[in-house]
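For reference, the structure is listed below as structure tokens.
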Amino acid sequence: MDPTTDNAVHAGDPGNARAALEALRAEIAKAVVGQDPAVTGLVVALLCRGHVLLEGVPGVAKTLLVRALASALELDTKRVQFTPDLMPSDVTGSLVYDSRSAEFSFQPGPVFTNLLLADEINRTPPKTQSSLLEAMEERQVTVDGTPRPLPDPFLVAATQNPVEYEGTYPLPEAQLDRFLLKLTIPLPSRQDEINVLTRHAEGFNPRDLHAAGLRPVAGPADLEAARAAVAKTTISPEITAYVVDICRATRESPSLTLGVSPRGATALLATARAWAWLTGRDYVTPDDVKALALPTLRHRVQLRPEAEMEGVTADSVINAILTHVPVPR
């Protein structure tokens, strides 16, 4: 069946939409080995209309993961390699003079797509990093005073190498807070790495996903149906209070100089809700909140220098808070 037709068939059916989104894991696994948590995080971000920061050392398939997701979801995608000399107009677009009409016309930049891969975002200066802020928050680009809406769905998947590498510009807190999730991409296990090398030895070409067998298994219509279903997922007052208690505990932690803002609390509630729906429930549990706490909150807190010197990490602080905050019954 034609994928476009199939998407239209179950555009209004949340059950089929959930099955289609679950099929993404198997489809993306044809190209990317052993990154199920990252795939799930990207799907959660799409359901919440959020953006994702992917962090990992070079060579762990961050770029390939995003390209495979776009292929399996039948979404338009563009890639921008962020470099120290990249200008904001290289991302958003600019006015170009047309000598035939003697007028300026807008030439859209790569941000006008469904899935923007901002590769190595921390290698470009803050001026260019900030050019994404309006696009991420308002889902529009303003050039010469004219706002231009971006397509829907729209997701920024930005990759960065760990900040201790030379030649990087750490993202400011205001921009980090615009990312719904921060997903860490680990080095593969020994068996996964063997599987990767075996695929390459058998002729796998990461630049040709079609030849690897990747096919669209879901589309924008599925996302719309899924988002509508997620919005109907029940959140009890006890769960809302639990999320608030977790976020307030970060503001009181002696290991942190910066805790989670109310925007972060809203993000945790949204991601837990999307995860609950993906797992087949129409209500949110404390376990859903715990499952999404690390990727939703780890980039919204700031460690004290003395805690960092002692080997404390944002993840360890959040895990300790999850252990001590009372769980609703």
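The values are calculated or read from the model by the stated rules, or taken from the named source; none is laboratory data. Since we're looking at a predicted model, the values are computed, not measured. A quick note on method: Cβ atoms are made from the backbone with ideal geometry, for glycine too, and the neighbour counts reach across all protein chains shown. SASA here: full protein model, heavy atoms, side chains in, ligands and nucleic acids out. Shrake-Rupley method; radii C 1.70, N 1.55, O 1.52, S 1.80 Å.
Tabulated values for the structure
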read-out	value
Cut-off under 5 Å, modelled amide H: who pairs with Val260 long-range	Thr250, Arg251
Charged-residue dipole, Cβ positions (Lys, Arg, Asp, Glu), the chain about Cα centre, Debye nearest 20	380
Volume of the Cα convex hull of the stretch 183-329, divided per residue and given in Å³	171
Residue-count net charge about Thr159 - beta-carbon cut-off 13 Å; Lys, Arg +1, Asp, Glu -1	+2
Taking N as its residue count, the alpha carbon Rg of the stretch 17-133 over 2.2 N^0.38 Å	1.25
Accessible area of the chain divided out per residue, in Å², using a probe of 1.4 angstrom	47
Relative contact order [Cα under 8 Å, 6+ residues apart], the stretch 71-126, whole percent	48
Selection of chymotrypsin sites (Phe, Trp or Tyr not before Pro), the stretch 232-329, meeting DSSP coil and at most 14 other Cβ within 10 Å	none
Choice from Glu103, Glu193, Glu74 showing the highest fluctuation, given a GNM over the chain with Cα pairs closer than 10 Å	Glu103
Above-threshold pairs, the threshold being 27 Å between Cα atoms, out of Lys232/Lys290; Lys62/Lys290; Lys78/Lys290; Lys78/Lys182	Lys78/Lys290
Whole-number percent relative contact order across the stretch 1-126, with pairs defined as alpha carbons under 8 Å at least 6 apart	22
Summed side-chain charge close to Leu209 - residues other than Leu209 whose Cβ falls under 11 Å, Lys, Arg +1, Asp, Glu -1	+2
Answer label for Kirkwood radius over Cα pairs in Å (calculated), chosen among (1) 19.5; (2) 20.5; (3) 21.0	(3)
Gap separating the Cα centres of the stretch 240-307 and the stretch 193-219, nearest whole Å	35
With every protein chain in place, the stretch 248-329: carbon and sulfur % of accessible area (1.4 Å)	54
Value of relative contact order over the stretch 126-229, rounded to a whole percent, pairs C-alpha under 8 Å and six or more apart	19
Assigned charges on the beta-carbon of Lys, Arg, Asp, Glu; the stretch 120-166 dipole about Cα centre (debye)	100
Neighbourhood net charge (10 Å Cβ-Cβ; Lys/Arg +1, Asp/Glu -1) for Cys48	+3
Listed residue (Asn114, His51, Ser99) projecting farthest to the positive dipole end of the stretch 1-130, Cβ model	His51
Convex hull of the stretch 55-186 built on C-alpha atoms - directionally averaged projected area, nm²	9.1
Most fluctuating residue given options Gly50, Gly311, Gly41, as computed from a GNM of the chain linking Cα atoms under 10 Å	Gly311
